[in-house]
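Peer 1: Structure provided below as structure tokens; questions to follow.
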Amino acid sequence: MTPWPYPLWLAHRGAGKLAPENTLAAFRLGAQFGYRAFECDVKLSRDGEAFLLHDDTLERTTDGRGSPSDRAWADLARLDAGHWHSPPFTAEPLPRLAQIAAFCHANDCALNIEIKPCPGFERVTGEVAALQAEQLWAGRSVLPLLSSFKPEALEGARDAAPALPRALLLDRLWDGWPETAEALGVVAVITNWRLMDRALIERLHAKGWRALVYTVNDAPVAEQLIAEGIDGIITDRVDQFDPR
Ligand code: G3P
Ligand code: MG
């Protein structure tokens, strides 16, 4: 199997339950709890800036409206992405991928960039996120792991920056996923934890792929997956699981 430089535990959306998801505040909080690896969701502004946001629309986690793919970065940068969570985080901005890279370098943290394209922007989001990541991590020994539920996004990433490691995300075991993972040249498969068991871990390992899961918030589930040989666990519960 490919050498695996990433910690077992990854904080989901930064540490995006106790602080607003996908913001620098969430990353800071995760680091305070000892986390040295993070997952975050990346999409593109209209003018091609890679930045962090989960949803296809701005309403739930910012004071903006509509699709972020219609807005220039200068406009998105003014939004409040913290107040929706709780008043102490008022005015917390949306971060660019470049700011998250700087945080990871300064705090010796690894990053799993989930490429989360707005509909219709799958391939270009993969290409641009991968190119920006390649520049931002140039010369670093641990590269970011690029993952996506969208094969087209991973194709774009593979073609733009083939040296960056890729992982296919699965919320169900759809027909043809192993062939797709093979064609994408992945190093890992990341599934919903409900799909993962010892047999699937062994099947992935036999292909040379690492096995990761999202989003595990329950101790018995984590313990069982660790006993079965899981390589990575994405969690919201940074306050419950000590990664050290
Ligand atoms: O990257 C794994 C996990 O984040 C996928 O689910 O919806 O939280 O992005 P979601
Ligand atoms: Mg995600």
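Peer 1: Name the GluC sites (Glu not before Pro) in segment 1-83 that are in a loop by DSSP and that have at most 13 other C-beta atoms within 10 Å, would you? Kindly include the intermediate steps, with their values, before the conclusion.
Peer 2: Numbers: sites: Glu21, Glu39, Glu49, Glu59; in loops: Glu21, Glu49, Glu59.
Answer by residue number: Glu59.
Peer 1: Below 10 angstrom from the Cβ of Glu155, what's the summed charge of the other residues (Lys, Arg +1; Asp, Glu -1)? Let's see the in-between values first.
Peer 2: Working: positive: Arg123, Lys150, Arg158, Arg166; negative: Glu122, Glu127, Glu152, Asp159.
With Lys, Arg at +1 and Asp, Glu at -1, the net is 0.
Peer 1: Over the chain, what is the mean sequence separation of C-alpha contacts under 8 Å (at least six apart), divided by residue count, expressed as relative contact order in percent?
Peer 2: Details: 526 pairs, mean separation 48.0, N = 244.
So the answer I get is 20 percent.
Peer 1: Hey, any idea what % of the chain's accessible area is carbon plus sulfur with a 1.4 Å probe?
Peer 2: Answer for the chain: carbon and sulfur cover 50 percent of the accessible area.
Peer 1: Between Leu154, Val187, Gly34, whose Cα lies farthest towards the positive end of the dipole of the chain when Lys and Arg beta carbons carry +1 and Asp and Glu beta carbons carry -1, centred on the Cα centre?
Peer 2: Working it through, the farthest residue towards the positive pole turns out to be Gly34.
Peer 1: Run the dipole for the chain about the Cα centre, Lys and Arg Cβ at +1, Asp and Glu Cβ at -1, nothing else charged, and hand back the magnitude in debye, nearest 20. Display every interim value, and only then the final one.
Peer 2: Working: 25 positive and 34 negative charges, 70 e Å.
That gives a dipole near 340 debye.
Peer 1: For segment 28-94, report the accessible area per residue in Å² (1.4 Å probe, heavy atoms, rounded to an integer).
Peer 2: Working: 2980 Å² over 67 residues.
I get 44 Å² per residue for segment 28-94.
The values are calculated or read from the model by the stated rules, or taken from the named source; none is laboratory data. Just so you know, these numbers come straight off a predicted model, no measurement behind them. Cβ coordinates were reconstructed from backbone atoms using ideal geometry, including for glycine residues, and neighbour counts include every protein chain displayed. Side chains included, ligands, DNA and RNA excluded: accessible areas come from the protein's heavy atoms. Shrake-Rupley method; radii C 1.70, N 1.55, O 1.52, S 1.80 Å.
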